[in-house]
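**Student:** Below you will find the structure I want to go over with you.
The values are calculated or read from the model by the stated rules, or taken from the named source; none is laboratory data. What you see is a predicted model, and the numbers here were worked out from it, not measured in a lab. Note that we place each Cβ from the backbone using ideal geometry, even for glycine, and neighbour counts take in every protein chain shown.
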Amino acid sequence: MHLDPLTCYRAMLARDARYDGRFFTCVKTTGVYCRPICPARHPKFENCIFAPSAAAAQEAGFRPCLRCRPESSPDLGAWRGTSATVSRALALIEGGALDGSGVEALAPRLGMGGRQLRRLFKQHLGATPVTVAQTRRILLAKQLIHQTNLSLTEIALASGYGSVRRFNETFQLLYNRPPSELRRGKGLTASAGEAAISLLLPYRPPYDWEAITGFLGARAVPGVETVADGLYRRVIQIGDAIGWIEVAHMPERAGLLTTVHISRLDALPAIIARIRRVFDLAADPFAVGAELRRDPMLAPLVAARPGLRLPGGWDGFEIAVRAVLGQQITVAAARRLAGKLTVSFGDPTSGGAPAAGLTHAFPRPERVYAEGIATLGMPKARAASIAGLARAVCRDPRLFDPRQDLASTITRLVELPGIGEWTAQYIAMRGLHESDAFPAADIGLIRAFAGETGSRPTAAQLLERAERWRPWRAYAALHLWTTDAARARARAA
């Protein structure tokens, strides 16, 4: 990634929030790296080095600033959209792909060698995959110190460190002080067993909270998810541990206040990664909007909703099952079927989820079998498809991991039972968060396009028009869906 030093320096002098997360300023005289909005006195230009990521700054030997707190910066960068492979690799790293193995094990999952993956990370992030993973871990630990009342032992576990000793050594090396020094005088002694874990997950404004909760609420699985009073809640399951999350919008702080209730602290990094994916917190709305506005048809839609985000899925298997259930029926009917499936096969919650309506976790694949599904009132072929999906995930737990590219992902998905092109594109869009996925045969997209242009296209014609929307076709689809839903509400009114 190329950073123009003069542009970066001017943005830093102006403390321009639009550049927050796009680069970090490394100050040679102090040895720290800062966000562009840091309130500290500005260094001289000749003392500044500009890094494209926190990991790059750390790899260059700089430590995080204690005033602007880089862990609170939106996680984005100008490389997004230019290297889909790096984006997929980051999604895997966020989910813990490097916690128990190295780059040589990660690279084949992306269809390349370790050397090539390191080169891509250096080119786009200025750091190796291992440094990126380590930086994420230590910044999460610092965020937990500031924002929670977990003990330092619990923080070490929750941020992915195998031992407190290793956590203390890393923190001392990076910050030149022990982690306990940041806690002095705060009197925080409660543990995770006594209180939920609440964190502010930042995003880059604008953020269309109404649109994303409207999308998720319309498709919420009864018993698993609820959207009410401006809050999103859902049951989560990690191994045998069942808990729940609550997400609220904090526009004045440009973040989502997320509360996690679960007994497994070591699962926190993976849970945060999934929440970030569901709410698309790594998106750069300016970069996406700039490309989509090139199309005169999409320009007014983007202008009307500049903060529109791509709603992700909690789990690839869940999204795949819900996509199969939704084939050729309405969204409401698909929700009802998903609710029946959940009650029949999902593990019930047990007193740990006080929010009304949260009763079950979405079924795990090993609990889904064909005979039971057939009794839920759906075609036998569809029940067989869901059972086949469950068997495939049991055989390959990484079946819905990001892969080399979108084309190979679609090819792999259509080989599964009951998965056609539309379903595969939808799974890629929501389950794998592929920004360029595009279900061209979707009736809602065709109807929305006809409403904008006055002529009803075929799926092939819509796909041809969508070529100009790359690499953000999924966002274009969301703009069309949102417009179509708004027209439907207007007609009903």
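**Student:** Here is a check on your reading of the model: is A303 without any contact (Cβ under 8 Å) to a residue 60 or more places away in the chain, over 27 Å from D436 (Cβ atoms) and assigned to a helix (DSSP H, G or I)? Spell out the reasoning first.
**Tutor:** On the way: without any contact (Cβ under 8 Å) to a residue 60 or more places away in the chain: yes; over 27 Å from D436 (Cβ atoms): no; assigned to a helix (DSSP H, G or I): yes.
The answer is no for A303.
**Student:** Is there a residue being in contact with a strand residue (DSSP E or B) (Cβ under 7 Å, 6 or more places away or on another chain) and either buried (at least 19 other Cβ atoms within 10 Å of the Cβ) or not in a helix (DSSP H, G or I) (or both) anywhere in the stretch 395-403? Outline the logic, then answer.
**Tutor:** Keep residues of the stretch 395-403 that are in contact with a strand residue (DSSP E or B) (Cβ under 7 Å, 6 or more places away or on another chain), which gives none.
Looking through the stretch 395-403, none of the residues is in contact with a strand residue (DSSP E or B) (Cβ under 7 Å, 6 or more places away or on another chain) and either buried (at least 19 other Cβ atoms within 10 Å of the Cβ) or not in a helix (DSSP H, G or I) (or both).
Every residue, every condition in (1) charged (D, E, K, R); (2) part of a loop (DSSP other than H, G, I, E, B), yes or no:
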{"residue": "I373", "(1), (2)": "no, no"}
{"residue": "S385", "(1), (2)": "no, no"}
{"residue": "A390", "(1), (2)": "no, no"}
{"residue": "R412", "(1), (2)": "yes, no"}
{"residue": "L416", "(1), (2)": "no, yes"}
{"residue": "T423", "(1), (2)": "no, no"}
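**Student:** Report, by residue number, each residue of the stretch 181-210 that is of a type in the set (D, E) and at pLDDT below 50. Break it down into steps so the answer makes sense when it comes.
**Tutor:** First pass over the stretch 181-210, keeping only residues of a type in the set (D, E): 181, 194, 208, 210.
Listed by number, the list holds a single entry, E194.
**Student:** Looking at (1) farther than 30 Å from I262 by Cβ; (2) surrounded by fewer than 20 Cβ atoms within 10 Å (Cβ to Cβ); (3) not basic (K, R), can you tell me which one H124 breaks?
**Tutor:** Going through the list (1) farther than 30 Å from I262 by Cβ; (2) surrounded by fewer than 20 Cβ atoms within 10 Å (Cβ to Cβ); (3) not basic (K, R), H124 breaks only (2).
**Student:** Looking at the stretch 306-350 only, could you name the residues that are hydroxyl-bearing (S, T, Y) and surrounded by fewer than 20 Cβ atoms within 10 Å (Cβ to Cβ)? Lay out the reasoning, then the answer.
**Tutor:** Within the stretch 306-350, the first condition is being hydroxyl-bearing (S, T, Y), and the residues that meet it are 330, 342, 344, 349-350.
Residues satisfying the conditions are T330, S344, S350.
**Student:** Quick check on my filter: what residues within the stretch 373-387 are surrounded by fewer than 19 Cβ atoms within 10 Å (Cβ to Cβ) and under 14 Å from Q328 (Cα atoms)? Explain how you work it out, then say what you get.
**Tutor:** Our first condition is that a residue be surrounded by fewer than 19 Cβ atoms within 10 Å (Cβ to Cβ); within the stretch 373-387, this holds for 374-375, 377, 379-381, 384.
Matches in the stretch 373-387: P379, A381.
**Student:** Okay, moving on. Here are the criteria: (1) crowded, with 21+ Cβ neighbours inside 10 Å; (2) under 13 Å from the mean Cα position of the chain (by Cα); (3) closer than 26 Å to A323 by Cα. Tell me which single one V288 does not satisfy.
**Tutor:** That leaves (2) as the condition not met.
**Student:** Is at least one residue of the stretch 216-231 crowded, with 21+ Cβ neighbours inside 10 Å, at pLDDT 95 or above, within 16 Å of the chain's Cα centre (by Cα) and in the same structural domain as G307 (by TED's automatic domain parsing)?
**Tutor:** No; the residues of the stretch 216-231 include none that is crowded, with 21+ Cβ neighbours inside 10 Å, at pLDDT 95 or above, within 16 Å of the chain's Cα centre (by Cα) and in the same structural domain as G307 (by TED's automatic domain parsing).
**Student:** What residue, of G126, G96, G160, is within 17 Å of Q58 (Cα to Cα), of a type in the set (G, A, S) and in contact (Cβ under 8 Å) with a residue 12 or more places away in the chain? Spell out the reasoning first.
**Tutor:** Values: G96 fails: within 17 Å of Q58 (Cα to Cα); G160 fails: within 17 Å of Q58 (Cα to Cα).
Just one listed residue meets the conditions, G126.
**Student:** A further question follows. Name the residues in the stretch 4-53 that are among the aliphatic types (A, V, I, L, M) and over 21 Å from R204 (Cα atoms), would you? Break it down into steps so the answer makes sense when it comes.
**Tutor:** Applying the first criterion (among the aliphatic types (A, V, I, L, M)) to the stretch 4-53 yields 6, 11-14, 17, 27, 32, 37, 40, 49, 51.
Those that are among the aliphatic types (A, V, I, L, M) and over 21 Å from R204 (Cα atoms): L6, V27, V32, A40, I49.
**Student:** Every residue in the stretch 13-66 that is surrounded by 23 or more Cβ atoms within 10 Å (Cβ to Cβ), polar (S, T, N, Q) and at pLDDT 95 or above, please.
**Tutor:** Scanning the stretch 13-66 gives a single hit, T25.
**Student:** A287 - would you say it is in contact with a Lys or Arg (Cβ under 9 Å, 6 or more places away or on another chain) and either hydroxyl-bearing (S, T, Y) or in a loop (DSSP other than H, G, I, E, B) (or both)? Reasoning before the result, please.
**Tutor:** On the way: in contact with a Lys or Arg (Cβ under 9 Å, 6 or more places away or on another chain): yes; either hydroxyl-bearing (S, T, Y) or in a loop (DSSP other than H, G, I, E, B) (or both): no.
Considered against the rule, which asks whether it is in contact with a Lys or Arg (Cβ under 9 Å, 6 or more places away or on another chain) and either hydroxyl-bearing (S, T, Y) or in a loop (DSSP other than H, G, I, E, B) (or both), A287 comes out as no.
**Student:** Which number in (1) more than 19 Å from T135 (Cα to Cα); (2) assigned by TED's automatic domain parsing to the domain that holds H360; (3) touching a residue at least 12 places away in the same chain (Cβ under 8 Å) marks the one condition that R183 misses?
**Tutor:** The one condition R183 does not meet is (2).
**Student:** Pull out all pairs, ordered by first then second residue, where Cβ-Cβ is under 6 Å, the residues are six or more apart or on different chains, the first lies in the stretch 355-366 and is closer than 23 Å to L389 by Cβ, and the second is in a loop (DSSP other than H, G, I, E, B).
**Tutor:** H360/G346; A361/G346; A361/D347; F362/V224; F362/G346; P363/G346
**Student:** Scan the stretch 248-259 and tell me whether some residue there is farther than 25 Å from A17 by Cβ, touching a residue at least 24 places away in the same chain (Cβ under 8 Å) and touching a strand residue (DSSP E or B) at 6+ places or on another chain (Cβ under 7 Å). Give the steps one after another, and end with the answer.
**Tutor:** Looking only at the stretch 248-259, we keep the residues that are farther than 25 Å from A17 by Cβ, and these are 259.
Retained after the next criterion (residues that are touching a residue at least 24 places away in the same chain (Cβ under 8 Å)): 259.
So of that shortlist, the ones also touching a strand residue (DSSP E or B) at 6+ places or on another chain (Cβ under 7 Å) come out as 259.
Looking through the stretch 248-259, at least one residue is farther than 25 Å from A17 by Cβ, touching a residue at least 24 places away in the same chain (Cβ under 8 Å) and touching a strand residue (DSSP E or B) at 6+ places or on another chain (Cβ under 7 Å).
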